[in-house]
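Working notes, structure below.
No lab work stands behind these numbers, since they all come straight from the coordinates. Because the structure is a prediction, the values reported are computed rather than measured. Note that we place each Cβ from the backbone using ideal geometry, even for glycine, and neighbour counts take in every protein chain shown.
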Amino acid sequence: MMAGVAGRAADTTAKATFAGGCFWCTEAVYEQIEGVGDVRSGYIGGTVPNPTYKDVCTGLTGHAEAIEIEYDPEVVPFEKLLEVFFATHDPTTLNRQGADVGTQYRSGVFYHDDEQKRIAEDVIRRLDAARAFPARIVTEVTPASTFYPAEDYHQDYFAKNPFQPYCQAVAAPKVAKVRKVFKDLLKEKAVP
C-alpha cells in the first residue's frame, strides 16, 4: 500500500506502463509526480522471456524500453499521467525518439484495464483533433503483457547519474519541462 497525501493511506494503487523512448528519461519524469510511488525501468511487449538490455538493444526481441508506475489514482488520475507522457516525448515518430532508433524506442501505452484503454484512446483522439503535434500520433495502445524489470544499474539512472552526457542532453530538459509545465503535479511544489 502506498501512502497518500498528508499521510493518508490509499485504499488502492494502480499501475501504468508507458514506453516513451529511453526509459532513463521517462523514469526521471515520473519520479517527480505527486501520487506516483514506485517507478521501475524495464521491458514490455516482446516475445523473449527475461530479456536483458543487450537482448533488447538488438531490436529483435520485440520489447520496448518502458516504465511501470505504481500510483494513487485519487492523487493523480491516469489522464494526468498521460498528459505528462505526451508532453515529454514525440508520439508522432514510429520506432524513434531523437537519436534512439528501433522498435525498442517506440511510443506505447500498455493498458492494465479497459478504462485505461478508453482514456488513452480518447486522449490520443483529442490531441490529434486539436493538431497538438505536427503529425498524427503513432503511439501504440496495447494490453500490458509481462513487464521485465531492467538490470539494477538502469533503475533511478538519472537520479544517480545527472551529469552523464546523455542525461544532460536528453533527460534533464524533459525533467525541466515537467517542473515548468506541470508545477501543480510535482511532489515538491516549491521546485523552480
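Computed quantities for the displayed model
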quantity: Interchain or long-range residues, amide H under 5 Å from VAL141's placed H; calculated: VAL109
quantity: Full-extension gain in nm, ASP113 to THR58, via 0.36 nm per residue minus C-alpha separation; calculated: 16.8 nm
quantity: Extension gain from ASP100 to VAL181, taking 0.36 nm per residue of separation minus the Cα-Cα distance; calculated: 26.7 nm
quantity: Expected 222 nm ellipticity per residue - DSSP helices of 4 or more, -39500 (n - 2.57), all of the chain, to 500; calculated: -7500 deg cm²/dmol
quantity: Net charge dipole size for region 58-173 [Lys, Arg +1 and Asp, Glu -1 on Cβ; Debye, nearest 20]; calculated: 620 debye
quantity: Computed over the chain: relative contact order in percent, which uses C-alpha pairs under 8 Å that are six or more apart; calculated: 29 percent
quantity: Whole-Hz couplings from phi, Karplus 6.51/-1.76/1.60, listed for region 102-110; x for Gly and Pro; calculated: x, 4, 5, 10, 5, 8, x, 10, 9
quantity: Three-way shape call for region 97-151 based on the alpha-carbon gyration tensor, with the a/c threshold at 1.5; calculated: oblate
quantity: Most fluctuating residue given options GLN97, GLN32, GLN168, as computed from a GNM of the chain linking Cα atoms under 10 Å; calculated: GLN168
quantity: Length added when fully stretched, GLU74-ALA129, from 0.36 nm per residue minus Cα-Cα; calculated: 17.0 nm
quantity: Modelled FRET efficiency - R0 30 Å, GLU83 with LYS160, Cβ distances, 0.05 increments; calculated: 0.65
quantity: Cα gyration tensor category, rounded, prolate or oblate, for the chain with a/c compared to 1.5; calculated: rounded
quantity: Dipole of region 39-192, positive direction: furthest Cα of GLY46, PRO173, VAL56, with charges on the beta-carbon; calculated: PRO173
